[in-house]
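To keep things clear, I will list the structure first and then write my remarks on it.
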Amino acid sequence: MADWNAQTYDERHSWVWKRGEGVVELLAPRKGERILDLGCGTAHLTARIAASGAEVLGLDASPAMIGKAKAEHPGLDLRVADGRDFRLEAPVDAVFSNAALHWMQPPGAVAACVARALKPGGRFVAEMGGKGNLRTLLEGVRAAILAAGVEAPRVEDDLYFPSAAEYGSLLEAHGFELRQAVLFERPTPLEGGEAGLRAWVHQFGMHLFRVVPEAQRDAVMDDITKRLRPKLWDGAQWVADYRRLRFVAVRTP
Ligand code: BEZ
């Protein structure tokens with residue numbers, strides 16, 4: 001996938017990390033712990049975790065995200081790494097992740113790396129897109145692309161949105177005990193008023209939209225807006241149909 005635009009990610013989509021603050025509370029980081037933030041993005045939550053006195057390492061596959069994160073948080077240990085293929089020098093007490101695991105496939109490779117990164121008894125606390133996440137929004141984008149005569153990739157080619165049962169089984173198969181898992185709807189207002197849906201597609205839907213030739217993009221975007229207005233426009237703002245899977249698992253000794 002092409003690299004992210006870290007600038008617009010922070011400027012127009014700050015709810016991604018703001019909505020993840022509850023996951024930091026669930027993690028309950030303690031002074032002296034070593035914690036990995038997997039898929040740390042621009043590292044706002046990594047900094048929150050560090051403020052607890054824990055020693056944090058942030059990893060992200062995007063050089064643009066890590067570049068911006070390092071410029072803003074020079075005191076943090078932040079590195080470019082692939083969540084499906086990384087190895088730490090020493091095991092950590094906890095692995096944390098917000099809004100990132102759904103981009104990493106195959107999920108078994110990620111679970112294996114996380115298990116290897118954790119001390120026995122260490123915890124894996126995360127939130128990701130869950131089953132049915134953004135179904136309406138992504139189907140609207142895909143339908144408009146297909147209607148323009150362009151072959152659109154399937155959503156699941158790039159994104160993984162498991163049910164609680166499916167992800168729990170995957171974790172158990174990789175040496176974790178699942179302590180809690182909840183799948184919940186989280187309708188999310190998009191920043192930017194009328195322009196919010198376009199901004200979202202440009203930031204997060206590019207894996208679908210990139211196949212549309214430049215000359216057709218405005219027309220396809222108009223069609224996306226038309227298709228989705230009856231479903232996702234509440235009269236004042238666009239509200240995306242997010243569904244989250246939040247879980248706590250412990251690595252078995
Ligand atoms: C999310 O659930 O955070 C997400 C999924 C796909 C695209 C953008 C965001």
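What's the total number of residues in the range 1-34 that are within 13 Å of the chain's Cα centre (by Cα), in contact (Cβ under 8 Å) with a residue 40 or more places away in the chain and assigned to a helix (DSSP H, G or I)?
Final tally of qualifying residues: 5.
Would you list the strands (runs of 3 or more DSSP E) that sit entirely within the range 42-160 and hold 2 or more residues that are of a type in the set (Val, Ile, Thr), modelled with pLDDT under 95 and under 24 Å from Leu245 (Cβ atoms)? If you could, list the steps in order and put the result at the bottom.
On the way: elements: 55-60, 77-80, 92-98, 118-129.
Where strands (runs of 3 or more DSSP E) fall fully within the range 42-160, none carries at least 2 residues being of a type in the set (Val, Ile, Thr), modelled with pLDDT under 95 and under 24 Å from Leu245 (Cβ atoms).
Of everything in the range 198-253, what is within 16 Å of the ligand (Cβ to nearest atom) and under 30 Å from Pro91 (Cα atoms)? Give them in sequence order.
Scanning the range 198-253 gives Arg244, Leu245, Arg246, Phe247.
Out of the range 162-195, which residues are touching a Pro at 6+ places or on another chain (Cβ under 8 Å) and either over 22 Å from Met104 (Cα atoms) or part of a loop (DSSP other than H, G, I, E, B) (or both)? Before the answer, list the steps.
Filtering the range 162-195 for residues touching a Pro at 6+ places or on another chain (Cβ under 8 Å) gives 162, 167, 170.
Matches in the range 162-195: Pro162 only.
Among the residues of the range 202-214, is any among the charged types (D, E, K, R), under 28 Å from Ala6 (Cβ atoms) and in contact (Cβ under 8 Å) with a residue 40 or more places away in the chain? Lay out the reasoning, then the answer.
If we filter the range 202-214 for residues that are among the charged types (D, E, K, R), which is where we start, we get 210, 214.
Then keep just the ones that are under 28 Å from Ala6 (Cβ atoms); that gives 210, 214.
Filter again for in contact (Cβ under 8 Å) with a residue 40 or more places away in the chain, leaving 210.
Scanning the range 202-214 turns up at least one residue that is among the charged types (D, E, K, R), under 28 Å from Ala6 (Cβ atoms) and in contact (Cβ under 8 Å) with a residue 40 or more places away in the chain.
Name the pairs: first residue in the range 118-139 and of a type in the set (Ser, Thr, Tyr), second residue within 13 Å of the ligand (Cβ to nearest atom), Cβ to Cβ under 9 Å, at least 6 apart or on different chains?
Note: pairs meeting the criteria are Thr136/Ala240; Thr136/Asp241.
Here is a check on your reading of the model: is Pro91 away from the ligand (no atom under 12 Å from the Cβ), over 21 Å from Val182 (Cβ atoms) and in contact (Cβ under 8 Å) with a residue 60 or more places away in the chain?
On the way: away from the ligand (no atom under 12 Å from the Cβ): yes; over 21 Å from Val182 (Cβ atoms): yes; in contact (Cβ under 8 Å) with a residue 60 or more places away in the chain: no.
Answer is no for this residue.
Restrict the check to the range 215-238 and report whether at least one residue is part of a strand (DSSP E or B), within 16 Å of the chain's Cα centre (by Cα) and modelled with pLDDT of 95 or more.
First, pick out the residues of the range 215-238 that are part of a strand (DSSP E or B): 233, 238.
In the following step, the residues that additionally are within 16 Å of the chain's Cα centre (by Cα) were identified as none.
The answer is no; no qualifying residue exists.
Only one residue in Arg154, Arg123 is among the basic types (Lys, Arg) and buried (at least 18 other Cβ atoms within 10 Å of the Cβ). Which one?
Values: Arg154 fails: buried (at least 18 other Cβ atoms within 10 Å of the Cβ).
Of the residues listed, the single one that is among the basic types (Lys, Arg) and buried (at least 18 other Cβ atoms within 10 Å of the Cβ) is Arg123.
The values are calculated or read from the model by the stated rules, or taken from the named source; none is laboratory data. What you are looking at is a predicted structure, and each value in this text was computed from that prediction instead of being measured. Cβ coordinates were reconstructed from backbone atoms using ideal geometry, including for glycine residues, and neighbour counts include every protein chain displayed.
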